[in-house]
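What follows is a set of notes on a single structure, which appears directly below.
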Amino acid sequence: MHTDDELKVAVLGLGYIGLPTAAVIARTGAHVLGVDVSREVVDTVNSGKVHIEEIDLDGLVSGVVARGNLRASTAIEAADVFVIAVPTPFGDDHVPNTGYVLRAATTVAAALKTGDVVILESTSPVGTTEQVGDLLARLRPDLKVPGMCAGTPDIAIAYCPERVLPGRILVELIDNDRVIGGITPRCARKALQFYRRFVRGACVTTTARAAEMTKLTENAFRDVNIAFANELSLIAERFDIDVWEVIRLANRHPRVNILSPGPGVGGHCIAVDPWFLVHGAPEDARIIRTAREVNDAKTGYTISRAEALIEAHSGPVACLGLAFKANIDDFRESPALGVASALAARFGDRIRIVEPYADRLPAAFDGSGATLIDIDTAIETCPLFVVLVDHDVFKSVPLEERADKTVLDTRGIWPDQPRPADRVPPLRVAV
Ligand code: SAJ
């Protein structure tokens, strides 16, 4: 390959993964072109700014743009490596939509030349990378495409899923191990050379199909384990036992590590990706499907529990948190947002939202009468608390400031909270 200064990389999709990836590659001295369909995103990046919140991303992007290593455009240009990092949502009936990936591959086809490497990073159903290969072969009959030709192919095609955690993206992009799946072993080796430029973690090669399934498996594993915790929370409630205590105690076993129950599973990965496995193997993916259903149902259950509590009491209600998880400002597919907006639709101006990561309420609250307040005002004015997100700032409220509150704590952040004497008694299970 080239020296860092000569390498040209095009990253398609400047979202939560594409932009940090483009910036990290640009930092190695490569010349990176970020391609996005949104003119606004392209203009923002070219002015050295970012359109998404991620720790340290703004400083990194402004630096690499100022040095001329990162530029953005709505149009593709020739490059040595093409990285596709566009969304793969699902449509009706949870059918995966690979339309953006195939559109990005069509864009890449126009710029491809012999020696180029095409890497798909988007979470994708098993077989998608091969479909990208088929498409490139159709669009560029002049090139020998791997898996579809005899002899040495002209280009390499690989799948390398991102596995970074929002809030830690820039650290995990470098430190996490990477699974690199080639359409052929040679493709995997070509992609490996590229990742070694900026990844400190181990880079392990495999087939494209195994890499695709690995990514889906990681998120399905987490979803199934969160579903187990959510199911336990329902069972414990029936027995009138504190589920958090049971989990703490069970986790003292050296081979038990139960995750945390909550108001449901949010974000755009864990609540989505397992469906790709279910869709690909509906007869076999029984636990994975059930886990999705259990986690989705937990949000509706939380709404009913909160409604019953609010009806039984008077006065304003503080809903703590809207983000899909702790200490981030990302409200996409957030169960907390779903619960709080359902409560606002029903109870109107009794609902007060506390979300330190928002400066105004999202559109879901328009016309509801709900208001955004800070945690101090909530402590002063609200007798009822519904905890939806485990932000550090909520966890740090000491018992003396909340001992007299009635609390529905869906995240278990206040284990010392006295249980309200007047709560609706749980269903007792006959023994
Ligand atoms: N959650 C619980 N209980 C838990 C853990 C999480 O209810 O014990 C909830 C969170 O509150 C949140 C949701 O699950 O609503 C997802 O949060 P998360 O922290 O588990 O994961 P994400 O969506 O931020 O990122 C995941 C990560 N995958 C795994 O940990 C296997 C990340 O490494 C992936 O890169 C990312 O998905 C992705 O992009 O696929």
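Amide H to amide H distances under 5 Å link Phe82 with Ala10, Val117, Val118, Ile119, where only residues 5 or more positions off or on other chains count and H is placed in the peptide plane. Here the Karplus relation 6.51 cos²θ - 1.76 cosθ + 1.60, evaluated at θ = phi - 60°, turns the backbone of the range 142-149 into coupling constants of 6, 9, 7, 9, x, x, 10, 8 Hz, with x for every Gly and Pro. Apolar share of the accessible surface for the chain: 53 percent from carbon plus sulfur atoms, 1.4 Å probe. For the chain, the relative contact order is 10 percent, taking Cα pairs closer than 8 Å that sit 6 or more residues apart in sequence and dividing their mean separation by the residue count.
The DSSP beta bridges internal to the range 8-201 are antiparallel in roughly 10% of cases. Phi-derived couplings, Karplus 6.51 cos²θ - 1.76 cosθ + 1.60 at θ = phi - 60°, listed residue by residue for the range 210-218: 5, 5, 4, 5, 4, 4, 5, 5, 4 Hz, with x used for Gly and Pro. Straight-line cross-link reach from Lys49 at under 17 Å between alpha-carbon atoms covers these aspartates and glutamates, not counting any fewer than eight positions away in the same chain: Asp36, Glu40, Asp58.
Once Rg and the Kirkwood radius are both taken over the C-alpha atoms of the range 254-409, their ratio Rg/Rh works out to 1.01.
With every protein chain present, what is the per residue accessible area of the range 295-431 (1.4 Å probe, Å²)?
Roughly 48 Å² per residue, with all protein chains present.
The rule of thumb for compact globular proteins, 2.2 N^0.38 Å, goes into the C-alpha radius of gyration of the range 8-201 0.97 times.
Evaluated at q = 0.12, 0.13 Å⁻¹, a Debye calculation over the C-alpha positions of the chain (equal weights, vacuum) places log10 I(q)/I(0) at -1.02, -1.14. Accessible surface calculations at 1.4 Å, restricted to protein heavy atoms, place the range 37-126 at 46 Å² per residue. Restricting the range 1-81 to GluC sites (Glu not before Pro) that sit in a DSSP loop and have at most 15 other Cβ atoms within 10 Å of their own Cβ leaves Glu6, Glu53, Glu77.
Of the whole protein surface, Leu259 contributes about 50 Å² of accessible area at a 1.4 Å probe radius. Extent along the principal axes, Cα only, for the range 223-263: 27, 22, 12 Å, with the longest axis given first. Go ahead and run the numbers for FRET between Lys144 and Ile174, Cβ-Cβ distance against an R0 of 45 Å, rounding to 0.05. Here the calculated transfer efficiency is 0.85.
Computed from the Cβ-Cβ distance with R0 of 22 Å, the FRET efficiency linking Thr371 to Ala345 stands at 0.95. Here the simple spin-label model places points 7 Å from the Cα toward Cβ, and for Glu380 and Asp416 these points are separated by 2.5 nm. Under a 5 Å amide H cut-off, with hydrogens placed 1.01 Å from N, Cys319 pairs with Arg352, Ile353, Val354, Val386 among residues at least 5 apart or on other chains.
Taken over the range 187-310, the ratio of Cα radius of gyration to 2.2 N^0.38 Å equals 1.35. Computed over Cα pairs, the Kirkwood radius of the range 1-114 leads via Stokes-Einstein (0.890 mPa s, 25 °C) to a diffusion coefficient of 171 µm² per second. Annotation: amide H of Asp409 within the under-5 Å range of Val387, sequence separation 5 or more or interchain, hydrogens built in the peptide plane. Across the range 164-290, C-alpha contacts under 8 Å between residues 6 or more apart give a mean separation that, scaled by the residue count, equals a relative contact order of 21 percent.
Using the crude model of +1 on Lys and Arg Cβ and -1 on Asp and Glu Cβ, and no other charge, please compute the dipole size for the range 8-201 relative to its Cα centre, in debye to 20. All intermediate terms of the calculation are to be shown ahead of the outcome.
Details: 20 positive and 21 negative charges, 159 e Å.
Using Cβ point charges on Lys, Arg, Asp and Glu, the range 8-201 gives about 760 debye.
From its DSSP helices (H runs of at least four residues, each -39,500 (n - 2.57)), the chain gives a residue-normalised ellipticity at 222 nm of -12000 deg cm²/dmol.
Under the simplified labelling scheme, the Phe239-Val204 pair shows an inter-label distance of 3.6 nm, with each label point 7 Å from Cα along Cα→Cβ.
The values are calculated or read from the model by the stated rules, or taken from the named source; none is laboratory data. Model, not experiment: these values are computed from the prediction. Reconstructed Cβ throughout: ideal geometry from the backbone, glycine too, with neighbour counts over all protein chains shown. Ligands, DNA and RNA are excluded from the accessible area calculation, which covers all protein heavy atoms including side chains. Shrake-Rupley method; radii C 1.70, N 1.55, O 1.52, S 1.80 Å.
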